[in-house]
1. Determine the calculated [θ] at 222 nm for the chain from helices alone, applying -39500 (n - 2.57) to every DSSP H run no shorter than 4 residues and normalising by the residue count; nearest 500 deg cm²/dmol.
2. Taking amide H positions as placed in the peptide plane 1.01 Å from N, state which residues far from A50 in sequence (5 or more) or on other chains have amide H under 5 Å from it.
3. Using each residue's phi in the stretch 232-247, evaluate 6.51 cos²θ - 1.76 cosθ + 1.60 at θ = phi - 60° and report the 3J(HN,Hα) Karplus result to the nearest Hz, with x for Gly and Pro.
4. Check the straight Cα-Cα distances from K42 and name the lysines below 18 Å, setting aside those fewer than 8 residues away within the same chain.
5. Kindly work out what percent of the DSSP beta bridges joining two residues of the stretch 100-220 are antiparallel, to the nearest 5.
6. Show me, for the stretch 145-153, the HN-Hα J-couplings you get by feeding each phi into the Karplus relation (A = 6.51, B = -1.76, C = 1.60, θ = phi - 60°), rounded to Hz, glycine and proline as x.
7. Under a 5 Å amide H to amide H cut-off, with H placed in plane at 1.01 Å, what residues pair with F160 once short-range neighbours are removed?
8. Determine one quarter of the surface area of the Cα convex hull of the stretch 125-263, which equals its mean projected area, and express it in nm² to one decimal.
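What follows is calculated from the coordinates using simple rules that are stated; it is not laboratory data. Treat the numbers as computed from the prediction; the structure is a model and nothing was measured. Note: ideal-geometry Cβ built from the backbone for every residue, glycine included; neighbour counts use all protein chains shown.
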Amino acid sequence: MSALQRCLRISSTASANICIPELFLTDAMITALLFRDDAYLKTASARVLAVHELGIELDRTIFYPLGGGQAGDTGALLRANGERIPILDTRKGDAIDSVRHVPAPGIPQPEIGETLTLEVDWERRYSLMRLHTALHVMSCVVVAPVTGGNIAPDKGRLDFDIDISLLDAERIEHETNALIARGVETETVWISDEELDARPELVKTMSVQPPRGAGRVRLLKIPGIDLQPCGGTHVKNIAEIGGIRVLKIRSEGKRNKRVEIALA
């Protein structure tokens, strides 16, 4: 029996047993994040590292896990025998760059070491990419500290520490769409933790700080428009956003003025 096939039962109750490959008891189960280098991948193959009540962990994935305000991806894992495992959500694991794919309940689970075909719900993901990038652009129209944010497939929002009287829906919509119309290519930039510490103005969010400790931090750069830390998925060219409309502006507290948008 190979190390990959051997498992350790770490629960005291048989009904809640978790099977973890012995091979990974000392080394964290790290997943290669394929979406980080190519957010447009719709399918890929991957090998199963672990299966437990929190989800399925793979050696690589195209599924973005919930984080940075962006919803986790959905889709399916396809087995060689034709069985389809619907994925209802994707979450981060305990280790850095580990990812848990949350399957629909009652579905037969894959085996450790099994190779699967990954299929992301592309229509949903692409909407998230467009909205996420749109919020980056809008954050350069509303110049104020960001206190929160959320990106769903049908709408996105940012919360700002600003007087609500300074938020005009028509102006925000017009100026954001004018920037989108420039059709600028987006870029991924990496800087060290030390470089980020030396440039605190890059961090717009007050509620969430970029993750440190891995030695480098990923930035989204929209030349002439925006540059800030972000680990999410974005479109290659902001023209792909197509335009936005402001749905509502409201107060969510003394330091939280919310601007909610949808794709036009």
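1. Taking each H run of at least 4 residues, the total per residue is -4500 deg cm²/dmol.
2. E57
3. x, 9, 9, 7, 6, 9, 5, 4, 5, 4, x, x, 10, 10, 7, 7
4. Counting by Cα, and skipping residues close in sequence, K42 has these lysines nearby: K236.
5. 90
6. These are the phi-based 3J(HN,Hα) values: x, 8, 9, x, x, 7, 10, 10, x Hz.
7. T147, K257, R258, V259
8. With every direction weighted equally, the projected area is 7.9 nm².
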